[in-house]
Structures are given as structure tokens and as C-alpha cells.
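> Here it is, the structure, as C-alpha cells.
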Amino acid sequence: MTASDYLRLKYTSDRHLAMTTQNAIGGVMQSARGVASDIYSGIERVSWYSSCFIPKYDDICQELKAEEIRTVYSIQSIFRYRDVIAHMLYLYFKLVCDDVEGGNKEGSARKFIRNVAGLAAQINVAGGTRYAFAEAAAGALAHSNFLSKIVVERVSAKMPKVVFGLQYFGMEQKAALAARHLKVMCPDYYWVLYQAKLEMLYYFAEPILEVMIKKTLSRTFKTLDELTDFMRENFGV
């Protein structure tokens, strides 16, 4: 199953996902720690809603309400796209490709495209290599065990119904804080996701994207070949 499949399962059947995850990776203790963290964040978010009763904190209240609406949009997007995680990654790599050189004709990037996506025919088309790379990289990462495990750990848990609400608010709190952090760190990518109604899902791919965003902003990758080598070494694609 892909990372997007796990997200879709989460919002279709929480119980089914919990059973699937425990059978797949046996992460019972890890899942329990994740639930505790979500519940803590849920309590934190609920406490923030007290601002809605204090006139001078109305701006905070309005921000929370806006995030509620954006969360609903993002959940709808999970079912709107065939592979929502891959689409988010594709949007990121398209931005990167505008700022990074294409690399050598027989370099890592073009070999990656041929091996992963079978898109060699696009290489000689103007701009083809860049779009092909964005698609190949997004698909490879979205279907990788590395990212699937991250999403599973962030959404799966077997819990009593009485704490489900707090866990939901906890996940929403973490997603909102991740989106706020992205807005400061990389405004261009944040607004691309915002326009696609996906920014509240950034949290689920954050461990992979944040590392690459920071390196891209620091000009670590001068070519797509260097970015490809980094992904292979660190994410196993």
C-alpha cells in the first residue's frame, strides 16, 4: 500500500487501519506513544479555543476556524486525487526544477527517470527532463516504504472511542503547526499547496520534504543529479 492509500484508509475506517498497521509493522508500543502525543496535542488545541471567548484574542480564534475549514478541504482532497501524496511531492519538485540545473545527459537524474518512470522518450523534448524528473521523483517517494512507514506511524492507532475526538484534534493541531512552519520556511511551496487545498496534509510528508526544502534553500543541490543522489542515499528510492 502507498502512503496515500493509508491516508484514505484512515479517513474511511480508523479501526481497519489500526489492525492493518499492527499486522504490517508490529508497532504496538510506537503506536501507543503516537496516540499519547496526539491526545496531548488535542488537549492543547481545545485549550486554544478558549480564545474565542476573549474579544482581544479574536484573531487567534479566526485562525483556528480557518484551519478547521482548510482541514476539511484537505481531507476531501485525499479522495479527489488518485495519489494525493504523489501530487504534493510533484508540486514541490516542479518548484525545485525551476531553480536547479538539469545535470548531465548520462547523470543520475536521467538514469533515475529511465529506471523509475520509463520516461526516456521525454528527455529530448524541451523541458521534458525536468517535468519527467518531477513526476518520477514524486512517484518513487510516494510509493517508497520510507514514506509509507511515516504516514502509518502518524495516522494509525487503536484507541477507545472516548479519546477519538482528542486524537483527531491532536492530529489537526500537528497538521496546522506543520503548515504554519512551512509558510514561514518556504512560502512559495506553501501557497502552491494552499491553492490546491493540500497544505494541511503537508504534515504527513514533512519528515521527507522538510529535509529537502532546507537543503534546497541553502543551495546544497546545484543539479538534479545531486538531488537524485541524495534521495537514493537517504530515502532508498
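> Probe 1.4 Å, all protein chains in place: accessible area of Asp225 in Å², nearest 10?
20
> So, one more: For the range 189-229, I need the span (max minus min coordinate) of the C-alpha atoms along each principal axis, in Å, sorted largest to smallest.
Principal axes ranked by extent give 30, 18, 16 Å for the Cα atoms.
> If you don't mind, another one. Just by accessible area at a 1.4 angstrom probe, what is the order of Cys61, Cys52 from largest to smallest?
From most exposed to least exposed: Cys52, Cys61.
> Estimate the FRET efficiency between Glu68 and Asp5 by the formula 1/(1 + (r/R0)^6), using the beta-carbon distance for r and 30 Å for R0, to the nearest 0.05.
E between Glu68 and Asp5, to the nearest 0.05, is 0.75.
> Put Glu226, Glu135, Glu199, Glu233 in order of accessible area, largest first, 1.4 Å probe: what do you get?
Reading off the accessible areas and sorting them downward yields Glu233, Glu135, Glu226, Glu199.
The values are calculated or read from the model by the stated rules, or taken from the named source; none is laboratory data. Note that the structure is predicted; figures quoted are calculated from it, not measured. With ideal geometry, Cβ positions are generated from the backbone for all residues, glycine too; neighbour counts draw on all protein chains shown. Accessible surface is based on the protein model in full, side chains and every heavy atom, while ligands, DNA and RNA are left aside. Shrake-Rupley method; radii C 1.70, N 1.55, O 1.52, S 1.80 Å.
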